[in-house]
Amino acid sequence: MNLSQRINNLAPYLFVEINKKIAEKRAKGEEVISFGIGDPDHPTPNNILNKLHETSKDSANHRYPETEGLLSLRQAIADWYQNRFKVTLDTKSEVLPLIGSKEGIGHMSFCLIDQKDVALVPDPAYPVYSVSTQLAGGEVYYLPLKENNSFLPELDTIPQDILKRAKVLWLNYPNNPTGAVADISFFDKVIEFAKQNNIVVCHDNPYSEVTYDGYKPCSFLEAKGAREVGIEFHSLSKSYNMTGWRIGMAVGNSTLIDALKRFKSNIDSGIPQAIQYAAIEALSGPQNCIAEHNAIYQRRRDLIVDVLTDMGCVVSKPKASLYVWAKVPPKYTSLEFSSDLLEQVGVLVIPGTGYGPSGEGFVRLSVTISDAMLVKALSKLSSWKNTREPFKPKR
Ligand code: PLP
């Protein structure tokens, strides 16, 4: 069978490969505890589930939904942005509900990128920015996120010939995988850069509500002029434990929102309406679940950081996101360290290089592991230090 060159060149998604590896080990009867994907382990709050249950019974919600989503959902999104960030959005032209933000991010590249166009993509990063660029026929120029620059990209190091071909800059703060955060002065510089070089900014902000120690991230749209150059992707997945329901949104520049809406209207048929009603309940109902979840994650974050530090990793506590980004002990590469943990103690952590070459030297651990499993995993990780043979790198 002759598949397209596009699909032949496409590797399976990072977590598909990782899950395969775990399944193989489990099939052999070996226990594997995973700190892999950032997928909240607690259920969706009851008020949201009740709304989903109730609205799923209404036959009006059994039919094709509109691409642009219910006006009441777009209003709930606009109200949420107003309350949370003091950002005013026009529900007709500046808000578009998505089938999870991954869907919108993937499709946005097709709205911006022609053959040989360049996308500026952080390294390490959520893989969808680069993969969708390549699927759209474009080229990726990676912007290393270095620890000594607080994991922010250095925009003034991008060569002129790249800048001439660059159509879009992808950003994501609070950041996956590094847990880094950005403030409004960084976004001010980004907007100046985007205006000077005629580059669209896509800011991906699904972790704005997953925060610790009282930290409150900003929205890209809070920065002056943001709406002239870009959009923000957001999601209900991490804020309301709704990863499985697939609902998110894009907000901001009306030309970009219109382009994405036009693209989507041709290839998908919208978000099931009962899920849209559940999202309205999430955004406008009681918000106490957010603080409750964050308290759990913060406790887990602290336990994980303590054990990793004891193992010889260098780790600082993230202010936000679901991830601990740890520097591996001396002499290990990311892959060697994560393979060693998997082989010696059956604990899976993600090698930083899974998110790009600049992830070398780091591993990522998600705090969405259940408390019972966490206790077990931390005890296994502690035992790694005492039982292992002195490490001999293969190189
Ligand atoms: N953006 C980032 C940075 C993520 O880490 C994730 C999920 O892990 C997503 C987007 C996708 O979220 P959603 O569930 O809304 O598709």
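Hey, which of the helices (runs of 4 or more DSSP H) in segment 134-242, taking only ones fully inside, have at least 1 residues that are polar (S, T, N, Q)? Output list reads 160-165, 184-197. So, in segment 195-241, exactly how many residues are more than 14 Å from the chain's Cα centre (by Cα) and either of a type in the set (D, E, K, R) or near the ligand (Cβ under 10 Å from one of its atoms) (or both)? Final tally of qualifying residues: 7.
Given the structure, is residue 338 crowded, with 16+ Cβ neighbours inside 10 Å and either in a helix (DSSP H, G or I) or at pLDDT below 95 (or both)? Considered against the rule, which asks whether it is crowded, with 16+ Cβ neighbours inside 10 Å and either in a helix (DSSP H, G or I) or at pLDDT below 95 (or both), residue 338 comes out as yes. Of the residues making up segment 118-134, those that are touching a helix residue (DSSP H, G or I) at 6+ places or on another chain (Cβ under 6 Å) and over 23 Å from residue 361 (Cα atoms) are 118, 119, 132, 133.
Test residue 280 against the stated conditions and say whether it is among the β-branched types (Val, Ile, Thr) and surrounded by fewer than 24 Cβ atoms within 10 Å (Cβ to Cβ). Taking the combined requirement at face value, the residue satisfies it. Can residue 169 be described as within 19 Å of residue 196 (Cβ to Cβ) and within 16 Å of the chain's Cα centre (by Cα)? Yes. Quickly run through segment 307-335 and pick out the residues that are part of a helix (DSSP H, G or I) and crowded, with 17+ Cβ neighbours inside 10 Å. Listed by number, the residues that qualify are 307, 308, 334.
Looking across 69, 106, one residue alone is more than 18 Å from residue 281 (Cβ to Cβ), within 16 Å of the ligand (Cβ to nearest atom), open to solvent by less than 50 Å² (accessible area, probe 1.4 Å) and out of contact with any Gly (no Cβ under 6 Å at 6 or more places or on another chain). It is 106.
Annotation note: Cβ proximity below 8 Å between a residue of segment 24-42 that is on the phi < 0 side of the Ramachandran plot and more than 14 Å from the ligand (Cβ to nearest atom) and a residue that is open to solvent by 70 Å² or more (accessible area, probe 1.4 Å) and of a type in the set (A, V, I, L, M) (sequence gap 6+ or interchain) occurs for 33/373.
Residue count for segment 148-172 satisfying the condition of being touching a residue at least 40 places away in the same chain (Cβ under 8 Å), open to solvent by 10 Å² or more (accessible area, probe 1.4 Å) and of a type outside the set (A, V, I, L, M, F, W, C): 2. For the condition assigned to a helix (DSSP H, G or I), among the small types (Gly, Ala, Ser) and within 16 Å of the ligand (Cβ to nearest atom), residue 270 does not qualify. Taking residue 259, is it without any contact (Cβ under 8 Å) to a residue 40 or more places away in the chain, more than 16 Å from the ligand (Cβ to nearest atom) and either within 17 Å of residue 323 (Cα to Cα) or assigned by TED's automatic domain parsing to the domain that holds residue 100 (or both)? No; evaluated as a whole, the condition is false for this residue. Could you tell me which residue of segment 82-100 is surrounded by the most Cβ atoms within 10 Å (Cβ to Cβ), considering only residues that are more than 16 Å from the ligand (Cβ to nearest atom) and of a type outside the set (D, E, K, R)? Only one residue tops the list, namely 89. Report whether or not residue 79 is farther than 20 Å from residue 256 by Cβ and open to solvent by 30 Å² or more (accessible area, probe 1.4 Å). Criteria met by residue 79. If you take the residues in segment 343-363 that are of a type in the set (A, V, I, L, M) and open to solvent by 10 Å² or more (accessible area, probe 1.4 Å), which one is farthest from residue 125 (Cα to Cα)? Looking at the filtered set, the residue picked out is 345.
The values are calculated or read from the model by the stated rules, or taken from the named source; none is laboratory data. Predicted, not measured: the structure shown is a model, and the values here were computed from it. Neighbour counts run over all protein chains shown; Cβ positions are idealised from the backbone, glycine included. Each accessible area value is taken on the protein alone, full model and side chains, heavy atoms only, with ligands, DNA and RNA left out. Shrake-Rupley method; radii C 1.70, N 1.55, O 1.52, S 1.80 Å.
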